[in-house]
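The values are calculated or read from the model by the stated rules, or taken from the named source; none is laboratory data. All of these numbers come straight from a predicted model, not from anything done at the bench. Cβ: placed from backbone, ideal geometry, glycine included. Neighbour counts: every protein chain shown.
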Amino acid sequence: MTPPAITDTAGPAAIPAAVSAPAAAAASAPAAGHTARPTRGKPRLRALDGLRLVAALMVAAYHYGGRDGEIARAWGSSPREQFPTASEWFAYGCLGVQIFFVISGFVICMSGWGRPLRSFFASRASRLLPAYWAAILLVTAVFALPVVAYETVAPSDALVNLTMLQQPLGADRVLGVCWTLWAELRFYALFALCVVLPGATRARVVLFCAVWTLAAAVAEGADQPLLDLVLMPEYAPFFVGGIGIYLIHRDRRDLTAWGITGVSWLIGQHYAVDRLWHAPNPDFFSYRSAYVIIAVVTAGFAAVLVIALGHAQWANWRWLTVAGALTYPFYLVHEHLGWVTVEALHRRLGLPSYATFGLTIAAMLALAWFLHRCVEERLTPLIRRGLAR
């Protein structure tokens, strides 16, 4: 089926697990005359894994209780009736994707530094595809069951979805949240062509951030669909902000990196308010305060920055690594399969709203763990080795 139109930002994109900076990154010399702190041997940023899970749960709260659409059909009434007080806060959960994009900028810069293009491509493809393919097949199969009231997409569109290019090709989407993957893919392509292919250096990364920021602003002013498609003005400041934070992670005394991060935050909060704020209107599901939108975006940038500066090393629990690994498959399956689960638990079994909410989250996390163990852990190494030869 064609998912309801997404008017708000609503889903975390595929972010690689937060790992310590590769040895090659540590060995890469920064620009002449600039001394960067060595990154070799830094511990894994487990807190970043935890932040990814927090962002994913924000998005799930938005999809289950912060908007109307198919989820209202699953509940049997509007989520505002199911969660009279919480629904207005759940509506801010869509901002979890901005946090994911900041994390993505940080981690992609970290993982791409000192890595050849073939290795970078193999890493991204092996990370994204296994769970994605499994989610496409699973959701298509579940929606095809006679007992499920939701329609699946046409067979041809379902096959196109396996390429991740269904959105620009105009095909119906199996996963409503996969639009964020399309944004991620464009970011990967830009970063690969401009930074990874010629070889990552501090000067090249700084130039990439500066040119993309300025070009995205020009694209917004020009109002040209092609420029918007390539440069993504609405999302660029979050990716660029994450890259700036990674430069701070390498050298906290880098004033240019602090400037990149600050400018990205200023532009990012503008886009978040512009896209998500509206004057009070009873026809809208929720009314979001501009101040709260700014606060959430600021908290996202600040959280990644605190982790990058090493102030969250106390959060070094092993279970956070598992939590980070579950985030991507959870993101892929939680929305559409969540509709089916909510309807089964609430309308058929008669469980209360909050119990249904919690059990649905738990069920989707359990399914994500299954996909991680049975699909990702088996296929990811095979695909990576095959592509990296």
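General remarks:
- Taking the conditions (1) outside any helix (DSSP H, G or I); (2) modelled with pLDDT of 95 or more in turn, Pro4 satisfies each one other than (2).
- In the set Arg288, Arg347, Arg384, only one residue is in a helix (DSSP H, G or I), of a type in the set (D, E, K, R) and under 18 Å from Phe83 (Cβ atoms); that residue is Arg347.
- Flag if Thr327 is within 24 Å of Ile245 (Cα to Cα), crowded, with 24+ Cβ neighbours inside 10 Å and in contact (Cβ under 8 Å) with a residue 60 or more places away in the chain: yes
- When restricted to residues that are exposed (fewer than 14 other Cβ atoms within 10 Å of the Cβ), among the polar types (S, T, N, Q) and touching a residue at least 60 places away in the same chain (Cβ under 8 Å), region 283-312 contains 0.
- Positions within region 255-282 being within 17 Å of Ala91 (Cβ to Cβ), of a type in the set (A, V, I, L, M) and surrounded by fewer than 16 Cβ atoms within 10 Å (Cβ to Cβ), in sequence order: Ala279
Quick grid of which residues meet (1) of a type in the set (A, V, I, L, M); (2) modelled with pLDDT under 95:
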site: Ile243; (1), (2): yes, no
site: Asp254; (1), (2): no, no
site: Gly262; (1), (2): no, no
site: Gln269; (1), (2): no, no
site: Trp277; (1), (2): no, yes
site: Tyr291; (1), (2): no, no
site: Ile307; (1), (2): yes, no
site: Trp319; (1), (2): no, yes
site: Phe330; (1), (2): no, no
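- Residue among Val177, Val148 that alone is surrounded by 13 or more Cβ atoms within 10 Å (Cβ to Cβ), among the aliphatic types (A, V, I, L, M) and outside any helix (DSSP H, G or I): Val148
- The set of residues in region 291-315 being in contact with a His (Cβ under 8 Å, 6 or more places away or on another chain) and either closer than 19 Å to Met58 by Cα or part of a helix (DSSP H, G or I) (or both) consists of Ala308 alone.
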